[in-house]
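The values are calculated or read from the model by the stated rules, or taken from the named source; none is laboratory data. Please read all numbers here as calculations on a predicted model, not as lab measurements. Every residue, glycine as well, gets a Cβ built from its backbone with ideal geometry; the counts of neighbours run over all protein chains shown. In case anyone asks, the SASA skips ligands and DNA or RNA and just uses the protein heavy atoms, side chains included. Shrake-Rupley method; radii C 1.70, N 1.55, O 1.52, S 1.80 Å.
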Amino acid sequence: MKTLIVTASAVAALLMAQASLPADEVSAEAHLAARHVAVMTCATCHGPQGRSIMPKFPALAGQHPKYLAAQLQAFKAQTRGDADALGYMWGMAAPLSDEMIAALAGYYGAQTPGAGSSGDAGAIARGADIYANGVAAEGIPPCIACHGPGAVGTDEYPRLAGQHAQYLLKQLRSFQNNMRNVAVMHGVAQDLKISEMESVAAYLQSLR
Ligand code: HEC
Ligand code: HEC
């Protein structure tokens, strides 16, 4: 009887692990291995503890684990497909197991985000207005509705605060032209002008 219960719960645990594998179900060994991979490999581009220094490479520190895991799965499945995703991340994600992806997402989610950096004051002010209010005349919704006050994100929506403007701008253009094919953000970005993208990116980069 006892064996039966143990077996049933083991099977349930396995099925649950396959379905989602939240960070708290990752083994201690996988956490250690993820830390090693992060320090030895990912840090080359994404910086120490995911606090990226170079604007081409997104900061990962403090990003929500669910979002991070979904992106790594999308690189692995080759569904997040602009040139830089293909060139840099498809190869990185290909060998990662589901458990390793969950562990890496947990590792970066637990790091303290780096400070943002300031830019052109006029662009930042215009960007703050777009972030809070959208652009009604162009049918652009307020970003705050999903990405939240201070752009810190939620479990469902990525953190944008303090991210490099150059990276953010590139993503907005990729959503617009569907190279990064996500319906909700295509809808948001399809009518954004380049100058509006630049402003909102400058604003987001300035946040901490
Ligand atoms: C050689 C440089 C390089 C290395 C090494 C690298 N990455 Fe990346 N990574 C990139 C680039 C460039 C992008 C942005 C791709 C794009 O523009 O779509 C990116 C994007 C990402 C994203 C998406 C972030 C977001 O905000 O959507 C995640 C998550 C990520 N990388 C995780 C990792 C992990 C984990 C590792 C180590 C296993 C790693 N990367 C190693 C260059 C690299
Ligand atoms: C209806 C909800 C919603 C609204 C409104 C919204 N977003 Fe998003 N945004 C999302 C979702 C969902 C994602 C994650 C997409 C994915 O899974 O790849 C995202 C992703 C992003 C990313 C990519 C982040 C990264 O690390 O690669 C950027 C940049 C972004 N949004 C900017 C904006 C801006 C700027 C606005 C306002 C003009 C905005 N969003 C409005 C839902 C929204």
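If I filter the stretch 62-84 down to residues being in contact with a strand residue (DSSP E or B) (Cβ under 7 Å, 6 or more places away or on another chain) and assigned to a helix (DSSP H, G or I), which single residue comes out as surrounded by the fewest Cβ atoms within 10 Å (Cβ to Cβ)?
My answer is Ala74.
State which residue pairs qualify: first residue in the same structural domain as Arg126 (by TED's automatic domain parsing) and assigned to a helix (DSSP H, G or I) and inside the stretch 184-196, second residue away from ligand 1 (no atom under 16 Å from the Cβ) and open to solvent by 40 Å² or more (accessible area, probe 1.4 Å) in any location, beta carbons under 7 Å apart, and separation of 6 or more residues or different chains.
Once the first residue is in the same structural domain as Arg126 (by TED's automatic domain parsing) and assigned to a helix (DSSP H, G or I) and sits in the stretch 184-196, its partners that are away from ligand 1 (no atom under 16 Å from the Cβ) and open to solvent by 40 Å² or more (accessible area, probe 1.4 Å) give Val188/Pro141.
The conditions are (1) open to solvent by less than 30 Å² (accessible area, probe 1.4 Å); (2) touching a Phe, Trp or Tyr at 6+ places or on another chain (Cβ under 7 Å), and His164 fails exactly one of them. Which is it?
(2)
Out of all the residues in the stretch 163-173, is one or more touching a Gly at 6+ places or on another chain (Cβ under 9 Å) and part of a helix (DSSP H, G or I)?
Yes, the conditions are met somewhere in the stretch 163-173.
From the list Ala103, Ala128, Ala115, pick out the single residue that is outside the structural domain of Leu68 (by TED's automatic domain parsing), of a type in the set (A, V, I, L, M, F, W, C) and at pLDDT 95 or above. Reasoning before the result, please.
Working: Ala103 fails: outside the structural domain of Leu68 (by TED's automatic domain parsing); Ala115 fails: at pLDDT 95 or above.
Within the list Ala103, Ala128, Ala115, the selection yields Ala128.
Taking into account only those residues within the stretch 156-183 that are among the aliphatic types (A, V, I, L, M) and touching a residue at least 60 places away in the same chain (Cβ under 8 Å), which is farthest from ligand 2 (Cβ to nearest atom)?
Once the filter is applied, the top-ranked residue is Met179.
Within the stretch 15-28, can one find any residue that is at pLDDT 95 or above, surrounded by 17 or more Cβ atoms within 10 Å (Cβ to Cβ) and in a helix (DSSP H, G or I)?
Checked the stretch 15-28: no residue is at pLDDT 95 or above, surrounded by 17 or more Cβ atoms within 10 Å (Cβ to Cβ) and in a helix (DSSP H, G or I).
So in the stretch 180-208, with the set limited to residues that are in contact with a strand residue (DSSP E or B) (Cβ under 9 Å, 6 or more places away or on another chain) and open to solvent by less than 90 Å² (accessible area, probe 1.4 Å), which one is nearest to Ala128 (Cα to Cα)?
Glu196
Suppose the filter is part of a helix (DSSP H, G or I) and within 24 Å of Val26 (Cβ to Cβ); does Gln111 pass it?
no
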